[in-house]
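The values are calculated or read from the model by the stated rules, or taken from the named source; none is laboratory data. For clarity, every value in this text was computed on a predicted model and none was experimentally measured. When we count neighbours, we look across all protein chains shown, and the Cβ atoms used for this are built from the backbone with ideal geometry, even at glycine.
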Amino acid sequence: MSRSILIAGFKHETNTFSAQPADLAAFRSRGLYHSGEVADVFRGTRIEIAGFMEACDRHGWTPVYGTVSEATPSGPVSREAFETIAGEIVAAAAAQPLDGVLLQLHGAMVAAHTDDGEGEMLARLRGVLGREIPIAVTLDLHANVTGAMADLADIMVSYRTYPHIDMFEAASEAADILARTLAGEVRPKVTVARGPMIDGVDHGRTTSPGPMLEVLESAARFEKEAGVLSITVNAGFPWADIEEAGPSVVVVGDGAQPRHGEIAKQLMAEIWESRHRHTVTCVNAAAAMESIRQAGPGAKPIVLADFADNPGGGGYGDATGLLGAMIAADVQDAAFATVFDKEAAGICHQAGEGAQVSLSLGGKTDPKFGAPLDVRGTVMRLTDGKFILDGPMAKGARIDMGPSAVLRVGGIDIVVAGGRFQAYDRQYFLHAGIDPAKKSVIAVKSAQHFRAAYGPIAREIIVVDSGGGLTSNDFTTLSYNKVRRPVYPLDMD
Ligand SMILES: [Zn+2]
């Protein structure tokens, strides 16, 4: 008899310093798919859910679909959104007898009524499934893994790449351990170790030699030991003021053995030792403009990353520090994706393509991160903001930014977006008629993910921390109250 396996997903990376809640509208905007829609939406993509679906084919399981949803990183998940989505997943789990669960999580969710969104989600699933039905979860590499999560899941596998280009592979690995569990071959047990740190392993970057690749190499050696099923390393999400934030090592072992705890601790010690090493240095906007001036025009783009206002880490996506500097420097043959400003996009739609408009751009969520820019420009293109990602990361994901526009200010084509999205795929430009490969300078609101799609076309990459933004590296500007103390880098070094 075929086994019935629940497939569901609930992802959010919560920046607790953001005043922008993740409400139901935010989940709908990024993707809220009910059981009947899931297979169609994810089939053929490189997202975890597709990995789970393929595993069902491979192992002869019958998939039972629950809700799959995700919102762009932001402030805490609203009570209504959490209760609705978690409630739908629990209802799917309770609706029929199951043999196992494949659950796609991020691992850094904070909700209005709980600091441990994933721990709470798993506890509710256990409430209807009991302890015996195995639950396998996938996590983002930036997960904050709590003790409750480790206790309640049987199998836990995170991405091993940043940019995250192995979502599908992480899902396959988790599902294959579930298959061995159902066959009675192994009894998986999750062990987690953390250190006194909220920031480490170079944020998890795997694009150049450095701390993350080194610790992953050590982890791969330990994975060869008998009884070790999987080891993954989480860089953690430091912009979360919760007790258990920070880097962690997760060992999935066959049975509970002290050795697994020793391995996790040993790898955490490596992470502690490497805490001061970073593979990327941020420059301020003035220095970036000077580099562009010196480099001059080119056939391939210089890529500027707006590190401090990365919507992929909870940034508001409308901070104006970098864009303002580019306009002031009169950068030519350039493009910028994206500035979140629904109102400005609406003005462009009213004016129509080809129209000249004067408007106030960006800086509306919190002017502390750069005041709105008064600009005059030409509406080059209007779009519905809908497209499908086709780069190495989350290939196949459907994006709906809402009505959006391209506004040309001086020599810069600015993609003014109706929603908050991290522009890590070239489609953020291409869907709006801009070929980023043909520009001399492009700027994206992204910290690291952009490297997967833009690295191959870049003349040079410059990471800019213009100081204003919710994902700045300067943690001393944020007030932490709940995180365990003392902790690096708030209290040490
Ligand atoms: Zn991540």
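Suppose we filter region 219-272 for residues that are of a type in the set (Val, Ile, Thr), touching a Ser or Thr at 6+ places or on another chain (Cβ under 6 Å) and within 16 Å of the ligand (Cβ to nearest atom); how many remain? Counting residues in region 219-272 that are of a type in the set (Val, Ile, Thr), touching a Ser or Thr at 6+ places or on another chain (Cβ under 6 Å) and within 16 Å of the ligand (Cβ to nearest atom) gives 2.
Of all the listed residues (105, 98, 129, 125), the sole one being in the same structural domain as residue 238 (by TED's automatic domain parsing), within 19 Å of the chain's Cα centre (by Cα) and modelled with pLDDT of 95 or more is 105.
I'd like to verify a number: residues in region 325-355 that are under 26 Å from the mean Cα position of the chain (by Cα) and β-branched (Val, Ile, Thr), how many? Going through region 325-355 one residue at a time, the tally reaches 2.
A single member of 325, 355, 351, 345 is assigned by TED's automatic domain parsing to the domain that holds residue 440, touching a residue at least 60 places away in the same chain (Cβ under 8 Å) and either buried (at least 24 other Cβ atoms within 10 Å of the Cβ) or farther than 25 Å from residue 459 by Cβ (or both), and it is 345. Restricted to helices (runs of 4 or more DSSP H) entirely inside region 1-60, those with at least 3 residues that are within 15 Å of the chain's Cα centre (by Cα) are 24-30.
Can you pull out the residues in region 432-457 that are under 22 Å from the mean Cα position of the chain (by Cα) and either in a loop (DSSP other than H, G, I, E, B) or modelled with pLDDT under 95 (or both)?
In the first step, residues of region 432-457 are kept if they are under 22 Å from the mean Cα position of the chain (by Cα); the result is 442-456.
445, 446, 447, 448, 449 - these are the residues of region 432-457 that are under 22 Å from the mean Cα position of the chain (by Cα) and either in a loop (DSSP other than H, G, I, E, B) or modelled with pLDDT under 95 (or both).
Would you mind telling me which numbered condition in (1) touching a residue at least 60 places away in the same chain (Cβ under 8 Å); (2) not in a helix (DSSP H, G or I) residue 429 fails? Answer for residue 429: the failing condition is (2). Here residue 72 passes the criteria (1) part of a helix (DSSP H, G or I); (2) touching a Lys or Arg at 6+ places or on another chain (Cβ under 6 Å) except the one numbered (1). Only a single criterion out of (1) crowded, with 16+ Cβ neighbours inside 10 Å; (2) without any contact (Cβ under 8 Å) to a residue 40 or more places away in the chain; (3) assigned to a strand (DSSP E or B) is not satisfied by residue 337, namely (2). Among the residues of region 82-103, the ones that are farther than 11 Å from residue 6 by Cα and surrounded by 20 or more Cβ atoms within 10 Å (Cβ to Cβ) come to 3 in all. Anything in region 280-314 that is away from the ligand (no atom under 16 Å from the Cβ) and within 22 Å of the chain's Cα centre (by Cα)? List them, or say none. Across region 280-314, the qualifying residues are 281, 282, 303, 304, 306, 308, 309. Please determine whether any residue of region 300-316 is among the hydroxyl-bearing types (Ser, Thr, Tyr) and in contact with a Leu (Cβ under 9 Å, 6 or more places away or on another chain). Checked against the condition, which is being among the hydroxyl-bearing types (Ser, Thr, Tyr) and in contact with a Leu (Cβ under 9 Å, 6 or more places away or on another chain), region 300-316 yields at least one hit.
Of the residues making up region 369-425, those that are buried (at least 22 other Cβ atoms within 10 Å of the Cβ), part of a strand (DSSP E or B) and aromatic (Phe, Trp, Tyr) number 0. Taken together, 137, 145, 128 contain a single residue that is more than 14 Å from the ligand (Cβ to nearest atom) and either free of Cβ contacts under 8 Å to residues at least 12 places away in the same chain or surrounded by 21 or more Cβ atoms within 10 Å (Cβ to Cβ) (or both), which is 137.
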